[in-house]
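Structure first, then comments.
The values are calculated or read from the model by the stated rules, or taken from the named source; none is laboratory data. Not measured: the values here are computed from a predicted model. In this analysis, Cβ positions are derived from the backbone assuming ideal geometry, glycine residues included, and neighbour counts consider all displayed protein chains.
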Amino acid sequence: MRKEDDLDLLRAEREEADRAYNEALTRLDRALQQLPADFPHPPPAPDEHQVTPLNRLWRLEAPPPGPGVRGRLAAAIRRAVAPFFAAQEAFNAALVDHINRNVRVARETRESIGTTLALLREQLEALAAFESLLVMFLQQITPYVDTRDRSVAGLLRGLSGAVDAVADETMKRTETLLARERRREARVEELEAALSRIEAELAGLRDAVARALDPARRPDDAA
């Protein structure tokens with residue numbers, strides 16, 4: 001027996017394929033991605049509380065010299081420490097400029113991270129939705145195939161019924177033809193028997209006529 005004709009083997013292979021398919025579908029369903037509950041948020045905004053005072057206080061402004069000896073002494077001291085104040089003021093300017101630049105970078109970085117996290121969240125949600133739809137689609141394959149199988153089985157049953165009906169009708173017509181043939185043969189046999197009887201009667205009539213026409217003829221002569 002060929003493999004494709006072994007119904008038990010085909011049924012066993014179908015059951016094994018169904019089992020493997022269902023197991024794979026279960027593993028896929030368990031592997032569905034879900035958005036984590038503690039999805040990261042953008043970092044906090046940069047602390048700009050002291051930025052405005054720094055931009056206002058970085059310059060070192062000495063008070064104007066007063067009159068008299070004290071004023072002249074203050075001016076002399078200011079001239080002496082002027083290089084130190086200039087260096088401090090340059091340092092303050094560089095530091096404030098650096099802080100201002102970093103505040104802008106921190107703002108843009110936070111915005112970029114926030115945009116990236118929002119896009120990532122959307123993509124993960126879309127991926128999870130796609131995987132869910134994929135599992136739902138795969139879950140419909142078996143009922144769809146079963147429906148097709150039932151449809152084909154129904155067509156085969158209908159075809160089998162039609163074939164059986166045609167076979168029954170053909171059998172009935174064959175039996176009718178055979179009955180007619182038997183009746184015809186019986187009639188032919190009856191006709192042949194009647195013809196034999198008629199031939200025998202005709203032979204007897206010929207003998208009777210011959211004897212009537214020639215009374216002196218002996219029966220042996222007629223033979």
**Item:** Odd one out for PRO42 among (1) in a helix (DSSP H, G or I); (2) in contact (Cβ under 8 Å) with a residue 12 or more places away in the chain
**Value:** (1)
**Request:** Residues being under 14 Å from GLU48 (Cβ atoms) and of a type in the set (A, V, I, L, M): count how many of those fall in region 92-128.
**Result:** 5
**Request:** Specify the residue that is surrounded by the most Cβ atoms within 10 Å (Cβ to Cβ); the eligible residues are those in region 25-46 that are modelled with pLDDT of 80 or more and either among the charged types (D, E, K, R) or in contact with a His (Cβ under 8 Å, 6 or more places away or on another chain) (or both).
**Result:** ASP29
